[in-house]
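The values are calculated or read from the model by the stated rules, or taken from the named source; none is laboratory data. Since we're looking at a predicted model, the values are computed, not measured. Neighbour counts are summed over all protein chains in view; Cβ atoms, including those assigned to glycine, are modelled from backbone coordinates with ideal geometry. Surface areas here come from the heavy atoms of the whole protein model, side chains and all, with no ligands, DNA or RNA. Shrake-Rupley method; radii C 1.70, N 1.55, O 1.52, S 1.80 Å.
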Amino acid sequence: MIKRKLVLSFPENIVTKPITYRLVKEFNLEFNILRAEITPNMEGKMLIELKGDKAQIDGAVKYLSQTGVTVQEAAKDIITDKNQCVDCGLCTSICITQALVLDDKSHKLKFNKDKCILCELCLDCCPVSAIKVHI
Amino acid sequence: MGKTIEEINEKIKSGSVVVLNAEEIIEYVAEKGVKRTAKEVDVVTTATFGPMCSSGAFLNFGHPDPPIKMTKVWLNDVPAYAGLAAVDAYIGAAELSETEGMKYGGAHVIEDLISGKPVKLRAIGYGTDCYPRKEIETYITKDTINQAFLFNPRNCYQNYYAATNSSGKTIYTYMGKLLPNFGNVTYSSAGQLSPLLNDPYYRTIGMGTRIFLAGSQGYISWYGTQHNPGRERLANGTPCGSAGTIAVIGNLKEMSTEYLRACIFQGYGVSIFIGIGIPIPVIDEEMVEFLRVKDEDIYTEIIDYSVKRRNRPSCGKVNYGQLRSGKVTINGKSVQTGSISSYFKALEISNVLKDEIKNGKFYLTNFVAPLPLEEPYINLDILSREELQ
Ligand code: SF4
Ligand code: SF4
């Protein structure tokens, strides 16, 4: 039995339900959706944890890739350095789960950790390197 | 009856001046009307804080003994231009380090100088009778050299395009990381706070105008490169894309890294966040009409940066209210937006400038000459000598 945390990116046109159903059914995996952000007409993202046989997990990852889902190992932890950040908001255009948003009132960057799916898309977008992976 | 700069400065001196920032003025006019606002408000502070690549600093290092005529200069391994007199050089913000590449550049040198950090100066020369030394390596700070002044040939764009990417892969541009298939939209203007959008026809902002430049009191020295006032405009005077620009100058030794920051756009290069604040005198009612402009009244075009040509196609027009809401629609698809320039910082600068004026630390100026309202915008074509004769 092993555990793996993965970030899945679903293209706009893929329906997620049958895919997750098959993961459980056919690969005999314990499957946990930790966070998900699926909006119509937009790319969807999901942070999942898979528990099961290594061979089963590999099979499931292969199946996912074949259906057009991008699979990526999840990062450890994302942090934003408040001293570095200039509150431009560039990263908020990248973060699909809206874990990174500008506060309406203060205009400052707000990082809502609970919404972060550790996809790492924001990492190389910050002009002052205020977004980092915490190890 | 209008107000003169001299009258406003008298009020600053006596402490009775009324100053609002460019956000506050919007509601003020909505509440009190144009006439009353023109009477009651003296100054509106505008500001912006965004990456402005066309920036750099002139430095004079002082003469070593024996002296040197520097022909090549490096500051922390970043080349500076030395084709000037013996110990003068210009360090450009976008210049990259010869040892660290895109991780460190001229902008970082400028930021390090402002924060007082020691910077390694290396220079070579060919040696002359009057300048016998051929090389030098030493450390400097802003306090150990004669002059250090920022001189930026193009800053403070009057509006700018928004960017997106229609292609199938992520691209890295000066407008930031653009995700595939219209994955995001980035934009760069401070909108309703932006200086030249609040004085669209340059009635009060001109050459010689005193400004807030990265924490110091600097000046507009000229109109900026690529100044393009002829851009199509709305009835409120604001252009629907990049238009006017200014060249600015100020004492680097008085600047603060709160308002100037080096930055790196992955895959593109080094740039520099510059904070600029410009006070606009409320000279008459017409000025109030311009100053009341709000994000919803300022439009820009979303440009597809995946097209590798000078002329890139537009994906539609949007206003800054829509851009700032976090989402816009392109071809029926909802797309997330993000700003490259910081509204938070711009607002902060507009408030700092407001306080400086109220406290009698910043006086307004009449410009010496206006910014041109007509200027050709020329592209570089590849021509032979014969074609030009
Ligand atoms: S891109 Fe960087 S500087 Fe800008 S808001 Fe995000 S973390 Fe802050
Ligand atoms: S890694 Fe970054 S882009 Fe991805 S969800 Fe977390 S904050 Fe958002």
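Can you find even one residue in the range B:191-208 that is open to solvent by less than 30 Å² (accessible area, probe 1.4 Å), at negative phi and part of a strand (DSSP E or B)?
yes
Restrict the check to the range B:323-342 and report whether at least one residue is open to solvent by less than 80 Å² (accessible area, probe 1.4 Å), touching a Leu at 6+ places or on another chain (Cβ under 9 Å) and among the charged types (D, E, K, R).
Looking through the range B:323-342, at least one residue is open to solvent by less than 80 Å² (accessible area, probe 1.4 Å), touching a Leu at 6+ places or on another chain (Cβ under 9 Å) and among the charged types (D, E, K, R).
Looking at (1) at pLDDT below 80; (2) open to solvent by 30 Å² or more (accessible area, probe 1.4 Å); (3) more than 11 Å from the chain's Cα centre (by Cα), which is the only condition A:Arg4 fails?
Every listed condition holds for A:Arg4 apart from (1).
Of the conditions (1) closer than 23 Å to B:Ile340 by Cβ; (2) acidic (Asp, Glu); (3) open to solvent by 50 Å² or more (accessible area, probe 1.4 Å), B:Glu111 satisfies every one except a single condition; which number is it?
B:Glu111 satisfies every listed condition except (3).
For the range A:33-41, check the following and say yes or no: at least one residue is farther than 30 Å from B:Lys333 by Cα and either away from ligand 1 (no atom under 16 Å from the Cβ) or within 15 Å of the chain's Cα centre (by Cα) (or both). Please lay out each step first, then the result.
First, the residues of the range A:33-41 that are farther than 30 Å from B:Lys333 by Cα: none.
Looking for residues that are farther than 30 Å from B:Lys333 by Cα and either away from ligand 1 (no atom under 16 Å from the Cβ) or within 15 Å of the chain's Cα centre (by Cα) (or both), one finds none in the range A:33-41, hence no.
Please count how many residues of the range B:214-241 are part of a loop (DSSP other than H, G, I, E, B), within 22 Å of B:Ser342 (Cβ to Cβ) and open to solvent by less than 10 Å² (accessible area, probe 1.4 Å).
Number of matching residues: 4.
Return the residue satisfying two criteria in turn: it lies in the range B:167-190 and is assigned to a strand (DSSP E or B) and of a type in the set (A, V, I, L, M, F, W, C), and of such residues it is most open to solvent (accessible area, probe 1.4 Å).
Step by step, filter the range B:167-190, then rank; the result is B:Ile171.
With B:Thr48, B:Thr37, B:Thr4 as the choices, which residue is farther than 20 Å from B:Ala148 by Cβ, within 14 Å of chain A (Cβ to nearest Cβ), in contact (Cβ under 8 Å) with a residue 24 or more places away in the chain and of a type outside the set (A, V, I, L, M, F, W, C)?
Of the residues listed, the single one that is farther than 20 Å from B:Ala148 by Cβ, within 14 Å of chain A (Cβ to nearest Cβ), in contact (Cβ under 8 Å) with a residue 24 or more places away in the chain and of a type outside the set (A, V, I, L, M, F, W, C) is B:Thr48.
Just to confirm my filter: which strands (runs of 3 or more DSSP E) fall fully inside the range A:16-135 and include at least 3 residues that are at pLDDT 85 or above and within 11 Å of chain B (Cβ to nearest Cβ)? Full working, then the answer.
Values: elements: A:30-37, A:44-52, A:70-73, A:78-80, A:100-102, A:109-111, A:131-133.
It comes to A:100-102.
For residues that are open to solvent by 10 Å² or more (accessible area, probe 1.4 Å) and more than 8 Å from ligand 2 (Cβ to nearest atom), scanning just the range A:114-127, find the one that is nearest to A:Arg35 (Cα to Cα).
A:Asp114
Restricting to the range A:65-113, give me the number of residues that are open to solvent by 40 Å² or more (accessible area, probe 1.4 Å), away from ligand 1 (no atom under 12 Å from the Cβ) and not β-branched (Val, Ile, Thr).
Residues that pass the stated criteria total 12.
For the range B:12-25, which positions are touching a strand residue (DSSP E or B) at 6+ places or on another chain (Cβ under 9 Å) and over 30 Å from B:Glu111 (Cβ atoms)?
B:Ile12, B:Val17, B:Val18, B:Leu20, B:Glu24, B:Ile25
If we only count strands (runs of 3 or more DSSP E) wholly inside the range B:61-144, which ones have 1 or more residues that are of a type in the set (Asp, Glu) and within 26 Å of the chain's Cα centre (by Cα)?
In the range B:61-144, B:88-92 are the strands (runs of 3 or more DSSP E) which contain 1 or more residues that are of a type in the set (Asp, Glu) and within 26 Å of the chain's Cα centre (by Cα).
Given the conditions (1) polar (S, T, N, Q); (2) closer than 29 Å to B:Gly105 by Cα; (3) away from ligand 2 (no atom under 11 Å from the Cβ), and given that A:Ser106 satisfies all but one, which numbered condition is not satisfied?
All conditions pass for A:Ser106, except number (2).
Can you give me the number of residues within the range B:322-339 that are basic (Lys, Arg) and in contact with a helix residue (DSSP H, G or I) (Cβ under 9 Å, 6 or more places away or on another chain)?
So the count comes out to 1.
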